[in-house]
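Worksheet for the structure shown next.
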Amino acid sequence: MSARPEPTECFDLVVFGGTGDLAHRKLLPALYHRELGGLIPEHARIIAVSRRPLSDADYRAWAQEKILAHVTDACHKVLSRFLQRLHYISVNVSEDTGWQSLEQILKGREDVCRAFYLSVSPDFFGPICQALGTHNLITPKSRVTIEKPIGKSGSTAAHVNETIGSVFKEEQIFRIDHYLGKETVQNLMALRFANVLFEPLWNSSYIDHIQITAAETLGVESRAGYYDTAGALRDMVQNHLLQLLCLVAMEPPESMAADSVRDEKLKVLKALKPMDPPSVMRNTVRGQYRAGASSDGGAVSGYLEDVQLQASQTETFVAAKAEIANWRWAGVPFYLRTGKRLAERISEIVIQFRELPHSIFKESAGRIAANKLVIRLQPDEGVKMQVMIKDPGPGGMRLREVPLDMTFAEAFQVRHADAYERLLGDMLRGNQTLFMRRDEVEAAWAWIDPILEQWAKDRTPPKGYTAGTWGPSAAIALIEREGRTWHEDTL
Ligand code: BG6
């Protein structure tokens, strides 16, 4: 029997960007689900902050509509209790007005956990933190959560960290990477460290290479302004993909304590082999989608049309080969791949084991596939181990590859919590294990910066790929010229 999670201590959660995209798509539905699970204490409040003037009633009506649009298990009694927790305060950060209203609503609640969530453009991280300090809104029980992007390069990230760090202590800062809240990502740690089976094989003696893919079918949607200044390397690789790489590659931490895990992840990031300009040209591919077809066959526009620009060098696709220079991983390539408007929405980690040293099955010569462990983050979360077995029946020792399949939806008949539900709960409990520490963020940038610099110097534009495909052919060449192929789920 698993222990039922307990509600957190009482809190005031102050969400800057309370009417924004993340608030309505992720934060409100996640908080509603925590309410449904009985995980929100009786007197806890959620205070949405944004620029536009709204009353509590207006905000509650807006939130209700958004929650109903995003959840499939709405319970009206729970929803109306949840809505009563919502309050709305108008603050204009640029004009530095409205802070008194926030002071007023928080007054007298200094003893409860005060959690600030900055779901706003990073340009506002500094001004908001400074203003919270000036208005004496930071209590010993305060913490702050920030969303990526944290900077656009190593030096700008250091500046953001510096500014926030001048107001909050590191143990109060929660840098969220929602990939770490995904159920299968945590399962990766369970798989590695709660089973004796894998760890002895988890190294260059048995593993040929590793693939990490985060493929999306959507385009840039309503985020053209942000996306065109970021691109896929900053938007996905610097954080989500490198975090996954860390969890796959790290040494067993001493415990699940935040700093034990984060120390091990940091060692991986520091061991990433830096890319010099020729390696960037050889080991990275960037692409940009052109008009094509969506997965259901409908026509979709190209990137330039989506962002309404005549020209742009921004990449919507990246493939890269990373190498980790340490004893465990020397010689094992990590192929990373992410992109928008690809053929399917799939995020997965593939551990490709080495070929057999010798086969005794002459009839199956050349047909014995090396084992593969596929860890699927989405959709259909689960873990599959591809193994060889004998084809049943007569006909000699004919071998066949089959999956040992553990699709979580089938194995566990429970609703999978969204990453934000888990991470909001951890933050409110003060558990930083699944949040990034300052040095991790900066070490990740240290590997990314030379790639960005070389791309900026290189005059060739990103390679075009047709929407609905698997990206530019150069991404296929990147792996195939080394005698390997991107994993396709054919079993
Ligand atoms: C976000 C990126 O961090 O992750 C988006 O900014 C991307 O561009 C999203 O679409 C992908 O998240 P998920 O959970 O849908 O894989």
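The values are calculated or read from the model by the stated rules, or taken from the named source; none is laboratory data. Because the structure is a prediction, the values reported are computed rather than measured. We place every Cβ from the backbone using ideal geometry, glycine too, and count neighbours over all the protein chains shown.
Checking Arg85 against (1) basic (Lys, Arg); (2) loosely packed, with under 13 Cβ neighbours inside 10 Å; (3) in contact with a strand residue (DSSP E or B) (Cβ under 7 Å, 6 or more places away or on another chain), only one condition comes out false. Which one?
(2)
Here is a check on your reading of the model: is Leu201 hydrophobic (A, V, I, L, M, F, W, C), surrounded by fewer than 18 Cβ atoms within 10 Å (Cβ to Cβ), within 10 Å of the ligand (Cβ to nearest atom) and over 17 Å from Ser121 (Cα atoms)? So that I can check it myself, show each step before the final result.
Values: hydrophobic (A, V, I, L, M, F, W, C): yes; surrounded by fewer than 18 Cβ atoms within 10 Å (Cβ to Cβ): yes; within 10 Å of the ligand (Cβ to nearest atom): no; over 17 Å from Ser121 (Cα atoms): yes.
So Leu201 does not fit the description; no.
So which residues in region 424-483 are under 21 Å from the mean Cα position of the chain (by Cα) and either assigned to a loop (DSSP other than H, G, I, E, B) or among the β-branched types (Val, Ile, Thr) (or both), if there are any at all? Lay out the reasoning, then the answer.
Within region 424-483, the subset under 21 Å from the mean Cα position of the chain (by Cα) is 424-449, 451-452, 470-471.
Scanning region 424-483 gives Gly430, Asn431, Gln432, Thr433, Leu434, Arg437, Val441, Ile448, Ile451, Trp470, Gly471.
Can you work out which of the residues in region 225-257 that are within 30 Å of Ala194 (Cα to Cα) and assigned to a loop (DSSP other than H, G, I, E, B) is farthest from the ligand (Cβ to nearest atom)?
Glu254
On the basis of being away from the ligand (no atom under 16 Å from the Cβ) and either among the aliphatic types (A, V, I, L, M) or under 30 Å from Thr229 (Cα atoms) (or both), does Val307 make the cut?
No; evaluated as a whole, the condition is false for this residue.
At least 3 residues that are under 23 Å from Leu377 (Cα atoms) in each: list the strands (runs of 3 or more DSSP E) lying fully within region 267-356 that qualify.
317-322, 334-339, 346-353
If Val144 satisfies every condition in (1) at pLDDT 95 or above; (2) part of a loop (DSSP other than H, G, I, E, B) but one, which is the exception?
(2)
Which count do you get for residues in region 330-354 that are away from the ligand (no atom under 16 Å from the Cβ), loosely packed, with under 14 Cβ neighbours inside 10 Å and closer than 28 Å to Ser473 by Cβ? Give the derivation first.
Step one: of region 330-354, the residues away from the ligand (no atom under 16 Å from the Cβ) are 330-335, 350-354.
Now restrict to residues that are loosely packed, with under 14 Cβ neighbours inside 10 Å: 330-331.
Add one more test, that the residue is closer than 28 Å to Ser473 by Cβ, and what stays is 331.
Qualifying residue count for the region: 1.
Considering region 347-362 alone, what residues qualify as being among the aliphatic types (A, V, I, L, M) and in contact with a strand residue (DSSP E or B) (Cβ under 6 Å, 6 or more places away or on another chain)?
Ile349, Val350, Ile351
Do you know which residues across region 150-197 are of a type in the set (Phe, Trp, Tyr), crowded, with 19+ Cβ neighbours inside 10 Å and assigned to a helix (DSSP H, G or I)?
Within region 150-197, just Tyr179 meets the criteria.
Filter region 104-134 down to the residues that are of a type in the set (Ser, Thr, Tyr) and surrounded by 18 or more Cβ atoms within 10 Å (Cβ to Cβ), then identify the one that is modelled with the highest pLDDT.
Tyr117
Restricting to helices (runs of 4 or more DSSP H) lying wholly in region 26-131: which have 1 or more residues that are within 25 Å of the chain's Cα centre (by Cα)?
Per the criteria, 28-36, 56-70.
Considering region 355-381 alone, what residues qualify as being among the polar types (S, T, N, Q), more than 23 Å from Asp405 (Cα to Cα) and either within 16 Å of the ligand (Cβ to nearest atom) or free of Cβ contacts under 8 Å to residues at least 12 places away in the same chain (or both)?
From region 355-381, those among the polar types (S, T, N, Q) are 359, 364, 371, 378; that's our starting set.
If we keep only those that are more than 23 Å from Asp405 (Cα to Cα) too, we end up with 359, 364.
Once the filter is applied, which keeps residues that are among the polar types (S, T, N, Q), more than 23 Å from Asp405 (Cα to Cα) and either within 16 Å of the ligand (Cβ to nearest atom) or free of Cβ contacts under 8 Å to residues at least 12 places away in the same chain (or both), region 355-381 yields only Ser359.
Do you know which residues across region 165-199 are polar (S, T, N, Q) and in contact (Cβ under 8 Å) with a residue 60 or more places away in the chain?
Listed by number, the residues that qualify are Thr184, Gln186, Asn187.
Just wondering, is there one or more residues in region 296-314 that are in contact with a Cys (Cβ under 7 Å, 6 or more places away or on another chain) and either of a type outside the set (A, V, I, L, M) or within 30 Å of Gln432 (Cβ to Cβ) (or both)?
No, there is no match, as no residue in region 296-314 is in contact with a Cys (Cβ under 7 Å, 6 or more places away or on another chain) and either of a type outside the set (A, V, I, L, M) or within 30 Å of Gln432 (Cβ to Cβ) (or both).
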